[in-house]
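The values are calculated or read from the model by the stated rules, or taken from the named source; none is laboratory data. This one's a predicted model, so the numbers in the text were calculated from it and none came from an experiment. No Cβ is skipped: glycine too gets one built from the backbone with ideal geometry, and neighbour counts run over all protein chains shown.
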């Protein structure tokens, strides 16, 4: 199984007086645009999920919907998982994938949970192995779905994903 972890895009700042509660924070206009561009990078890398799961928080759900639109996955089939909220249980999330008969899964969520899930997936005891920036992604190959250790295939900063998506778009336009 290939497991792609995708962190949500830039959301409204918690210091903003108009900011809603944390679960209701939405992507900003910049966040929407950059998330779409990063999703184009995922498409360039060949990410083609058979299952998309997301945190129920608004900014993660918006990110999942954008990724699905770009990747050609039906938004109506997105599943929400409480284990993907910021302080969700990474061990339980990984274990839940053991019962998923899919070759490729996209998980959309938050830090520190995605950093934990990355570490757990790689069999690393320290969750500080790596951290995903907003609209950044990592891909792990799990030989036995739901069990560690997996093998890190790639980890990309959001800017690199956007550049890949942009280059692919230019190539597709004959540039």
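Values as computed for the structure displayed
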read-out: Within the range 153-175, considering residues that are at pLDDT 95 or above and surrounded by fewer than 18 Cβ atoms within 10 Å (Cβ to Cβ), the one farthest from the chain's Cα centre (by Cα); value: 163
read-out: Filtered residues of the range 17-48 (kept if buried (at least 24 other Cβ atoms within 10 Å of the Cβ) and not in a helix (DSSP H, G or I)); value: 27
read-out: Selection count where residues are within 13 Å of residue 57 (Cβ to Cβ) and either modelled with pLDDT under 90 or surrounded by 15 or more Cβ atoms within 10 Å (Cβ to Cβ) (or both), scope the range 85-97; value: 3
read-out: Matching residues in the range 98-130 - criterion: being part of a helix (DSSP H, G or I) and either modelled with pLDDT of 90 or more or surrounded by fewer than 16 Cβ atoms within 10 Å (Cβ to Cβ) (or both); value: 98, 99, 113, 114, 115, 116, 117, 118, 119, 120, 121, 128
read-out: The one condition in (1) free of Cβ contacts under 8 Å to residues at least 40 places away in the same chain; (2) more than 13 Å from the chain's Cα centre (by Cα) that residue 50 fails to fulfil; value: (1)
read-out: Residue among 68, 139 that alone is within 14 Å of the chain's Cα centre (by Cα), under 22 Å from residue 26 (Cβ atoms) and either at pLDDT 95 or above or buried (at least 20 other Cβ atoms within 10 Å of the Cβ) (or both); value: 68
read-out: Enumeration of residues in the range 69-97 that are in a helix (DSSP H, G or I) and over 24 Å from residue 10 (Cβ atoms); value: 76, 77, 91, 92, 94, 95, 96, 97
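Listed here are the residues, each with its yes/no results for (1) in contact with a strand residue (DSSP E or B) (Cβ under 8 Å, 6 or more places away or on another chain); (2) farther than 16 Å from residue 162 by Cα.
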position	(1), (2)
20	no, yes
24	no, yes
27	yes, yes
36	no, no
47	yes, no
50	yes, yes
55	yes, yes
59	yes, yes
